[in-house]
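Inspection log for the structure reproduced underneath, given as structure tokens.
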Amino acid sequence: MRNKIVTILLFAFFLSFMSSCKGSENNIPGEPPSHPRIMLLKGEEDQIEQTILTDRQWLTVSSYILDKSDAIIELPPVERVLIGRRLLDKSREALRRIFYLSYSYRKTGNDKFLTRAEKEMLAVAAFTDWNPSHFLDVAEMTMAMAIGYDWLYDKLPEDSRNIIRTAIVEKGLNPSLLPQNSSWANGSNNWNQVCNAGMVFGALAVWEDHTDLAKKIIDRAVTSTALPMEEYNPDGAYPEGYGYWGYGTSFHVMFLSAMEKAFGSFYKLPDAEGFLKTAGYLENMTGPTGVPFNYSDCGGSANTNAAMFWFASRLNDPTVLWSEKYFLQNKSLPGDRLLPSILVWGAGTTIDQITAPEKKVWVGQGDNPVALMRSSWVDKNAIFVGFKAGSPYVNHGHMDVGSFVMDANGERWAMDFGMQDYNSLESAGVDLWNRSQNSERWTVFRYNNKAHNTLTVNDQLQVVSGKAKIDSWSDQADMMNAISDISAVYGGQLKKAVRGIAIVDNKYVMVQDELESGASETVIRWNLLTSAAVTITGPNSAELVKNGKKMTIKVVSPAVVTMKTWSTVPQNSYDAANPGTIFTGFEAVIPTGSKATLTVLLLPEGAEEISAQSSKKLSEWPLTNSR
């Protein structure tokens, strides 16, 4: 059914694109207002000012942007310097500078910000090109130039407007129509979202001088962006993970925000059931340590995400901003190039309106399903577990099906390495983007199952074509849990593999695997990655110590295991170093044609085992819902 839907959408896109090339305006709902028209109309600065006056937290954000803008004034303009095959670093810096400076001018009216933004835009306009062979670079640069051109339009000298407008058209919009540069328009990942957003910003900026071109670009985007919106179905889980949610979804929201502002009630948000639910996904993806569940190609840190304020406004639900409130109050303001949009979307929302969510379990299906659960939203020492199913074949995926992270007592005990810098691998000649079973991608230390908190069978890799969902879950207070049949990623290695993870009585975590071996003896490696110091304390236990706090790993079953630690020092010259980390866990042998249950308790200091729970089969665990 899904393949059929995608086929229909692709065919619809093809027809729309061909029609737009002939000048069709089927998707263009009216005319945009005069400049400034992108996201923040003339006079709407007053709404931001009022919010700043009523809430000191917003004053902090605005002052941060003004301070950074002052610092930008002292810097030379960005230069066209590629890193590997990418200009993206420079495009992002240009977007940060121009967006910050444009906001600062609209906020203060101080000409120093206007003059410096003009200087930056003229420097970028003089580049030979914006690197269309890696079109994300063009998209972000076009967005940067469009914001500056639109927000500063009335104050820019006519000669400068002409130069900047010409660059937007010739180095941004026109290259996007060439087949060799536009394959992203047929895709459903973050490239579609970012590139369409950048092109629409450019089109809106130059509308009155290049109306037919602008309509063609916007018409294409309205149809094309339906593809990535399908990826959020049915529950809002973003298949590319936390980091790429921050990229793809944020730019998608920039696109939606620009369209809504430019065309008002004439533009309707497409009907995609999972898209608005994705605010719940992002909110639940961060633990009480402030660290995200960084599976797939994702960094290890979390920060304020401006797009969440758009979702909160659209949903009329400030509780989805609970994690954002944490970041704002802890001054976790990144050098995020989209940060000024937080003031656009957050205007009218005061920090004291943001209260904690009620639900402690969030489950999302889709291409990379996750279950996210915690013992409390307000206790900084709460237990948090992020558990994922899915497939290694998902875009930016790792061999991490069945993996999890865990927070307790203010520390992350079970962690994920996340991504390695792409250029470090590409420059070494690694075939990084091939996701076939025998691809060189899976030789990268951080990418295969041996480096994740999951199972390895007979030292083999997970099966790339395999896929698992969250089969059942419960929000029952004394045993929140989620269960996934992950057998498909161990095809040919195990007859059966089902993993369940539970927070027991809000005190500790239990990980239970029910396995069945095939026609040969099977050696299972149960792995946990941690930045704690590890000591093997007995035949079935290990102690983890971090920042003076302790957690115990206790293997309840099977009775005979070999407790171990493994080094995280990689063997390949192209792998990133992993200082301060270690693998721990155990190996267990399952005889030919046998069943085995692996039950492991992760006991924070002071927690005591409830033996009655440890003896239950997965089929006996509480059930709230199933798929």
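The values are calculated or read from the model by the stated rules, or taken from the named source; none is laboratory data. Computed from a predicted model, the values in this text were never measured in an experiment. Note that we place each Cβ from the backbone using ideal geometry, even for glycine, and neighbour counts take in every protein chain shown. Only protein heavy atoms, including side chains, enter the accessible area calculation; ligands, DNA and RNA are left aside. Shrake-Rupley method; radii C 1.70, N 1.55, O 1.52, S 1.80 Å.
Some notes on this structure:
- Count of residues meeting criterion [surrounded by fewer than 16 Cβ atoms within 10 Å (Cβ to Cβ) and free of Cβ contacts under 8 Å to residues at least 60 places away in the same chain] in region 501-535: 2
- Screening region 125-138 for residues that are of a type in the set (A, V, I, L, M, F, W, C) and more than 20 Å from Pro77 (Cβ to Cβ) and picking the one that is surrounded by the fewest Cβ atoms within 10 Å (Cβ to Cβ) gives Leu136.
- When the residues of region 286-322 are filtered to those that are charged (D, E, K, R) and part of a loop (DSSP other than H, G, I, E, B), the one that is least open to solvent (accessible area, probe 1.4 Å) is Asp297.
- Tally of residues being farther than 23 Å from Gly264 by Cβ and open to solvent by 70 Å² or more (accessible area, probe 1.4 Å) across region 34-63: 3
- Residues of region 474-500 that turn out to be part of a strand (DSSP E or B) and either open to solvent by 30 Å² or more (accessible area, probe 1.4 Å) or under 10 Å from Gly390 (Cα atoms) (or both), as a count: 3
- Conditions (1) in contact with a Ser or Thr (Cβ under 9 Å, 6 or more places away or on another chain); (2) within 23 Å of Trp473 (Cα to Cα): number failed by Lys380: (2)
- Top-ranked residue in region 403-425 [being among the charged types (D, E, K, R) and either assigned to a loop (DSSP other than H, G, I, E, B) or modelled with pLDDT under 95 (or both); ranked as nearest to Ser296 (Cα to Cα)]: Asp416
- Annotation note: of Tyr247, Tyr238, the sole residue that is touching a residue at least 24 places away in the same chain (Cβ under 8 Å), surrounded by fewer than 23 Cβ atoms within 10 Å (Cβ to Cβ), within 25 Å of the chain's Cα centre (by Cα) and under 23 Å from Glu273 (Cα atoms) is Tyr247.
- Listed conditions (1) part of a helix (DSSP H, G or I); (2) open to solvent by 60 Å² or more (accessible area, probe 1.4 Å); (3) not hydroxyl-bearing (Ser, Thr, Tyr) are all met by Leu66, apart from (2).
- Applying the set (1) of a type in the set (Ser, Thr, Tyr); (2) part of a loop (DSSP other than H, G, I, E, B); (3) touching a strand residue (DSSP E or B) at 6+ places or on another chain (Cβ under 6 Å) to Thr592 leaves exactly one unmet item: (3).
- Scan of region 158-180 for residues that are part of a helix (DSSP H, G or I) and farther than 23 Å from Met121 by Cα, ordered by number: Pro179, Gln180
- The set of residues in region 595-625 that are open to solvent by 30 Å² or more (accessible area, probe 1.4 Å) and either in a loop (DSSP other than H, G, I, E, B) or of a type in the set (A, V, I, L, M, F, W, C) (or both) comprises Glu605, Gly606, Glu608, Glu609, Ile610, Ala612, Ser615, Lys616, Lys617, Leu623, Thr624.
- Put simply, of Tyr153, Tyr100 the only residue that is open to solvent by 10 Å² or more (accessible area, probe 1.4 Å), in contact (Cβ under 8 Å) with a residue 12 or more places away in the chain and among the aromatic types (Phe, Trp, Tyr) is Tyr153.
- Leading residue by the ranking (nearest to Val401 (Cα to Cα)) among those in region 351-372 that are open to solvent by 30 Å² or more (accessible area, probe 1.4 Å) and in a loop (DSSP other than H, G, I, E, B): Asp367
- Among the residues listed as Pro36, Pro77, Pro32, the single one being at pLDDT 90 or above, assigned to a loop (DSSP other than H, G, I, E, B) and farther than 23 Å from Leu122 by Cβ: Pro32
- Flag: Leu122 does not match the condition of being open to solvent by less than 50 Å² (accessible area, probe 1.4 Å) and farther than 30 Å from Asn330 by Cα.
- Scan of region 80-96 for residues that are within 14 Å of Leu136 (Cα to Cα) and in a helix (DSSP H, G or I), ordered by number: Leu88, Asp89, Lys90, Ser91, Arg92, Glu93, Ala94, Leu95
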